[in-house]
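Enquirer: Just passing along the structure, written as structure tokens.
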Amino acid sequence: MGDRITADLSPPTLLYAVSQGALAVEVRSDDNEAIEMCRKITHRETQWRCLAERACLRVLEGGCSVPVGVATTLEWVDTEIGILTLTGSVTSIDGQEHVEHTIEERVSSLEEAEQLGAKLAKILIETGARKILDDINVDRARRIQELNST
């Protein structure tokens, strides 16, 4: 059905939801056999990108109902070091306010990827995302109160 596509809405035109399209397997923390099997099938680039995105969302205190968009790339410099580029955005419910920022750094571990995601979130908060997120929370509380009073 490719002939029906009229536009490619990929980043930077449209950012995606955190970890959009990634698959995860959850196992018991004491199941060493399952943990080892999962290690063998883990796609390192996807894991690093998703953890950076999720760290950003965690610091923003957002969830699936908050208009947060991301786009992430990871280019390996060598087998242990990559250049992680992370773009994040927060948009008001009515679309009138929008904050977006891109950050790029060398990373050599999952922890550094997560730190970069958290760093991006802090930049977004400092440049206007806090107000947008606060307004969304006020609106959510108002709607819940309206539903409970009917």
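Enquirer: Please find, within the range 11-23, the residue that is farthest from Thr46 (Cα to Cα) out of those that are exposed (fewer than 12 other Cβ atoms within 10 Å of the Cβ) and free of Cβ contacts under 8 Å to residues at least 40 places away in the same chain.
Expert: Looking at residues that are exposed (fewer than 12 other Cβ atoms within 10 Å of the Cβ) and free of Cβ contacts under 8 Å to residues at least 40 places away in the same chain, I get Thr13.
Enquirer: Take Val90 and tell me if it is in a loop (DSSP other than H, G, I, E, B), touching a strand residue (DSSP E or B) at 6+ places or on another chain (Cβ under 8 Å) and buried (at least 18 other Cβ atoms within 10 Å of the Cβ). Steps first, please.
Expert: On the way: in a loop (DSSP other than H, G, I, E, B): no; touching a strand residue (DSSP E or B) at 6+ places or on another chain (Cβ under 8 Å): yes; buried (at least 18 other Cβ atoms within 10 Å of the Cβ): yes.
When the stated conditions are applied, Val90 does not pass them.
Enquirer: Then there's this: Confirm whether Val59 is under 15 Å from Asp134 (Cα atoms) and assigned to a strand (DSSP E or B).
Expert: It is false that Val59 is under 15 Å from Asp134 (Cα atoms) and assigned to a strand (DSSP E or B).
Enquirer: For the range 62-70, indicate whether the set of residues that are assigned to a loop (DSSP other than H, G, I, E, B) and among the polar types (S, T, N, Q) is non-empty.
Expert: From the range 62-70, those assigned to a loop (DSSP other than H, G, I, E, B) are 62-67; that's our starting set.
So of that shortlist, the ones also among the polar types (S, T, N, Q) come out as 65.
Yes, the conditions are met somewhere in the range 62-70.
Enquirer: Pick out the one residue from Arg39, Arg44 that is surrounded by 11 or more Cβ atoms within 10 Å (Cβ to Cβ), over 28 Å from Gln96 (Cα atoms), over 12 Å from the mean Cα position of the chain (by Cα) and modelled with pLDDT under 95.
Expert: Within the list Arg39, Arg44, the selection yields Arg44.
Enquirer: Any chance the range 109-125 includes a residue that's modelled with pLDDT of 95 or more, exposed (fewer than 13 other Cβ atoms within 10 Å of the Cβ) and either of a type outside the set (Phe, Trp, Tyr) or farther than 19 Å from Gln20 by Cβ (or both)?
Expert: yes
Enquirer: Still on this model: In the list Leu133, Leu147, Leu120, Leu116, which residue meets the criterion of being outside any loop (DSSP other than H, G, I, E, B), out of contact with any Lys or Arg (no Cβ under 6 Å at 6 or more places or on another chain) and either within 16 Å of Gln96 (Cα to Cα) or of a type in the set (Ser, Thr, Tyr) (or both)? Write out each step before concluding.
Expert: On the way: Leu147 fails: either within 16 Å of Gln96 (Cα to Cα) or of a type in the set (Ser, Thr, Tyr) (or both); Leu120 fails: either within 16 Å of Gln96 (Cα to Cα) or of a type in the set (Ser, Thr, Tyr) (or both); Leu116 fails: either within 16 Å of Gln96 (Cα to Cα) or of a type in the set (Ser, Thr, Tyr) (or both).
The conditions single out Leu133.
Enquirer: Another one. Being at pLDDT 95 or above, touching a Leu at 6+ places or on another chain (Cβ under 9 Å) and surrounded by fewer than 12 Cβ atoms within 10 Å (Cβ to Cβ): is that true of Glu75 here?
Expert: yes
Enquirer: Quick one: how many residues across the range 7-63 are more than 22 Å from Thr79 (Cα to Cα), of a type in the set (Ser, Thr, Tyr) and out of contact with any helix residue (DSSP H, G or I) (no Cβ under 6 Å at 6 or more places or on another chain)?
Expert: The total comes to 4.
Enquirer: With the requirement that a residue be outside any loop (DSSP other than H, G, I, E, B) and within 24 Å of the chain's Cα centre (by Cα), what does the range 1-32 give you?
Expert: Selection gives Tyr16 alone.
Enquirer: Continuing with the same structure: If you check Gln47 against the conditions, is it in contact (Cβ under 8 Å) with a residue 40 or more places away in the chain, farther than 20 Å from Gly21 by Cβ and not basic (Lys, Arg)?
Expert: In short, no.
The values are calculated or read from the model by the stated rules, or taken from the named source; none is laboratory data. Computed from a predicted model, the values in this text were never measured in an experiment. Methodologically, a virtual Cβ is constructed for each residue, glycine included, from the backbone with ideal geometry; neighbour enumeration extends over all protein chains shown.
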